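A short worksheet on the structure shown next.
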Amino acid sequence: MSNTNQGKVVLVTGASSGIGEAVTRALAAAGHRVVIGARRTERLQALTLELREQGLRVSARALDVTRLEDMQQFVAFAEATYGPVDVIVNNAGVMPLSPLNALKVDEWNRMIDVNVRGVLHGIAAVLPGVEARGKGQVVNVSSIGGHAVSPTAAVYCATKYAVRAISDGLRQETDRIRVTVISPGVVESELADSITDDSARDAMKAFRRIAIQPEAIARAVAYAIDQPDDVDVSEVIVRPTASPY
């Protein structure tokens, strides 16, 4: 970790497990001041306590990314605790896969709310501040599902394509704010636990046999954040060596 990037104030959404938890651990260990948010506050508090006992700087707040007011309060809490926000990692996401003819409209809407609106709310909450300061970074977690569509994943993939489109639009609109898209392949996480459709759940079990650990994604996020202010790592795909997808 370069000296120029020591001690940044970093927000991580969806930090209660999986990639978000791994990113939190990696960035806190690197000396950053990390503020974590999720709905499962008991997990956030346990992670915060563990890392603080190691002398690391981590604070937590309950967060529902589908509510703009919640996200704005999350940013305000971070600024009151550690100072101006340097980086936001928009990681919160859900993946209840199903074929379209299953008509799980509520699940479609949930994916849109969390995976797309959640990212937009994160951007909206930090953008005025980073623009005023003339520097900052938005890291959005997409997926290999944002590069190719597969059966049962049409809506999920659509949300992840949207994350890439939003990210590149933001990148083109600024010459001072860094915008990074991290696209994980199959990673060991709890995402698949939300799949209620039997066919999609069985297919995902087979697909996840070669899953890599979330620490691999955390290293990619840390690498992107560690670059100098004039270097923008625009997109990184991280997937299992054994994966053809």
For the stretch 174-184, does any single residue satisfy the condition of being touching a Cys at 6+ places or on another chain (Cβ under 7 Å), outside any helix (DSSP H, G or I), without any contact (Cβ under 8 Å) to a residue 12 or more places away in the chain and surrounded by fewer than 21 Cβ atoms within 10 Å (Cβ to Cβ)? no
Among the residues of the stretch 98-110, is any surrounded by fewer than 20 Cβ atoms within 10 Å (Cβ to Cβ) and either closer than 28 Å to E215 by Cβ or of a type in the set (S, T, Y) (or both)? yes
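Residues are listed down the side, and each one gets a yes or a no for (1) among the hydroxyl-bearing types (S, T, Y); (2) surrounded by fewer than 24 Cβ atoms within 10 Å (Cβ to Cβ); (3) under 13 Å from the mean Cα position of the chain (by Cα):
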{"site": "Q72", "(1), (2), (3)": "no, yes, no"}
{"site": "A80", "(1), (2), (3)": "no, yes, no"}
{"site": "A92", "(1), (2), (3)": "no, no, yes"}
{"site": "V119", "(1), (2), (3)": "no, no, yes"}
{"site": "I123", "(1), (2), (3)": "no, yes, yes"}
{"site": "G136", "(1), (2), (3)": "no, no, no"}
{"site": "N140", "(1), (2), (3)": "no, no, yes"}
{"site": "A153", "(1), (2), (3)": "no, yes, no"}
Run down A165, A192, A216 and say which single residue is modelled with pLDDT under 95 and not in a loop (DSSP other than H, G, I, E, B). A192
Can you name every residue in the stretch 29-53 that is surrounded by fewer than 24 Cβ atoms within 10 Å (Cβ to Cβ) and under 19 Å from D226 (Cβ atoms)? A29, A30, G31, R33
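The values are calculated or read from the model by the stated rules, or taken from the named source; none is laboratory data. Because the structure is a prediction, the values reported are computed rather than measured. Here Cβ is always computed from backbone atoms with ideal geometry, including for glycine, and neighbour counts include all displayed protein chains.
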